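Before any comments, here is the structure.
Every read-out reported here was derived from the displayed coordinates using simple, explicitly stated rules and does not represent laboratory data. The shown structure was predicted, so the numbers you read here are calculated from the model rather than taken from an experiment. Here Cβ is always computed from backbone atoms with ideal geometry, including for glycine, and neighbour counts include all displayed protein chains.
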């Protein structure tokens, strides 16, 4: 859970806004998967959406994913649990994840390939770009 803890420290805990918590959740999904980002991409492939996830990794255009597909890949129970922690409706969270997850994976893979061991640094750089460094 080190990635999530580091993300929270960069964001200063919780500022009352759902956006940093939501981004922390997205990064935790990426970093907390068995196999990290590679494991997440494999999870999409196992559900028949490998081409979609691979488009986020590659340098080309990101293919869209629907909230229903997000729930299918991650599992309804996982999405419900995350929504509960964030105080959000399950469908609203799935919708947010369908927008944020492709962006996060895309930013974490700027060279069109999954980084080997520097995902923490890449994630922190991503957060700085999304929320503006002061």
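Between residue 78 and residue 116, the simple spin-label model (points 7 angstrom out along Cα→Cβ) gives 2.7 nm.
Residue separation of residue 90 and residue 42 scaled by 0.36 nm, minus their Cα-Cα distance, works out to 14.9 nm of gained length.
Once the chain from residue 63 to residue 103 is taken as fully extended at 0.36 nm per residue, the excess over their C-alpha distance is 13.3 nm.
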